[in-house]
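Structure incoming, see below.
Taken together, the values in this text are just the output of simple stated rules run on the coordinates, not laboratory data. Owing to the predicted nature of the structure, the values given are computational and were not obtained by experimental measurement. Here the Cβ is made from the backbone with ideal geometry for all residues, glycine too, and neighbour counts use every protein chain on show.
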Amino acid sequence: MRKSSLTIVHVGPFMTGLRVGPKHSVQIKLSNGLIRRGHLVLNFADRDVARAASLFGSRKFGRRAVNKALIAFCRQHCPDILLMGHADMIDAETVAAVRDIVPGVRIAQWNVDPLFEPDNVRRIRGKLRVVDKTFISTAGEPLERMRDGGHAMSFLPNPVDFSVESGRADLARSLPYDLFYACGHPSRPLREICGREWNMDDFIGLIGARLPSLRMALGGIEGRPHFSGARYQQVLETSAIGLNISRRADYYLYTSDRIAHLAGNGCVVAIERATGYTDYFSDEEMLFFSDLDELIEKLARLSAEPELRMRTGTAGRARYAERFNEQAVAQFMIDVIMDECAPEAMPW
């Protein structure tokens, strides 16, 4: 019988003040969920430790130091679980050393980047020989392929956390923005939407031409500044609908973690059917589309009918939180790591 309270060292790109980062990050929500389930979580910011250890503030030159620091940190705290999320500064040999010095430690990694990126697959595979479990935000056949060789892989939903996603756009009949969309760069790479590749400047421009009265909050489009920090949250809270488009939609359940930001703040999530989220949400909970004409038609209707939009946002927010809240996701991870739940389970 395992202890009710575990000590968990969580390694990832946490903010320490050396850099600016988003409060909506998955690592923050997972640590929150683990703490709220009663566990002691010690966050270890691998990238910032590497920066701090380098004379020039460079992660690259601080790599050796951060690996030594993690070994010393684990020797000091003797964690029950070493959990790593995008801990790219940590070498597999360091993870193996932690296993040697902390008897019985369980080790897991999580990753929310797409499996259609070869470099991301390489990073995940680079630690498979030294971890017990791996959690990935893609399901279906792509995840099955990652299980080749007997690796214990689990689907990781993008968690919502109402201490982070604190807005209620679904409760406001009148909002300044009808549609929210933000992207890092509109054309690098192109996004595949409904079977066609798009520069997002062109895609948003087409929506604007078809719906000229639609008031849009746009970050990174046509040279606009990106939303960050408190401004990003403010825009989410004041947008009726959020366009949730990732680089492609044909990897089952893969999506940017923005889906949680949108749903959690009460925005209606507009998402392609091809993502597979119709298996978890209904047309009364999200705006699903299969082609551009359907997207335009539904955007026009929801922006013109605030009561319908509010009901949809409320229903989607409630369903997303019921299935994918930070505590449920954290508990699933603990159950899999401690061998109390099969990695293949999908309790969502």
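Over what distance in Å are the Cα centres of the stretch 100-128 and the stretch 183-225 separated?
When both Cα centres are located, 33 Å separates them.
Averaged over all directions, how much area does the convex hull of the C-alpha atoms of the stretch 281-348 cover when projected, in nm²?
If you wrap the Cα atoms of the stretch 281-348 in a convex hull and average its projections, you get 5.7 nm².
How do the peptides 261-267, 185-191, 91-97 rank, highest first, by the average count of neighbouring beta carbon atoms within 10 Å per residue?
My ranking of the peptides, most packed first, is 261-267, 91-97, 185-191.
Please report the antiparallel percentage of DSSP beta bridges with both residues in the stretch 169-323, rounded to the nearest 5.
Looking only at bridges with both residues in the stretch 169-323, the antiparallel portion is about 20 percent.
Which of rounded, prolate, oblate describes the stretch 1-96, given a ≥ b ≥ c as roots of the alpha-carbon gyration tensor eigenvalues and a/c under 1.5 marking rounded, otherwise prolate only if a/b is larger than b/c?
Oblate.
Further question: Give the angle, between 0 and 90 degrees and rounded to the nearest 10, that separates the Cα long axis of helix 200-210 from the longest principal axis of the Cα atoms of the chain.
Here the helix axis deviates by roughly 30 degrees.
Work out Dmax and Rg for the chain from the C-alpha atoms and quote the Rg first, both in angstrom.
In order Rg, Dmax, the Cα atoms of the chain give 20.7, 63 Å.
Further, regarding this structure: Can you compute the helix-only [θ] at 222 nm over the chain? Use -39500 (n - 2.57) per DSSP H run of at least 4 residues, normalise by all residues, nearest 500 deg cm²/dmol.
Computed ellipticity for the chain at 222 nm equals -11500 deg cm²/dmol.
Further question: Using only Cα atoms, find the angle between the long axis of helix 326-337 and the longest principal axis of the chain, and express it within 0 to 90 degrees, rounded to the nearest 10.
Computed tilt is about 40 degrees.
Take the alpha-carbon centre of the stretch 1-46, take the same for the stretch 263-280, and report the distance between them in whole Å.
A separation of 27 Å, based on Cα centres.
Take the residue pairs 3/60; 29/298; 29/127 and return only those whose Cα atoms are more than 28 Å apart.
Too far apart for the 28 Å limit: 3/60; 29/298.
Treating the stretch 169-323 as a set of equal point scatterers at the Cα positions, no solvent, please give the Debye-formula log₁₀ I(q)/I(0) at q = 0.09, 0.17 Å⁻¹.
So the normalised log intensities are -0.24, -0.95.
So in the chain, what percent of DSSP beta bridges are antiparallel if you round to the nearest 5?
In the chain, approximately 10 percent of DSSP beta bridges are antiparallel ones.
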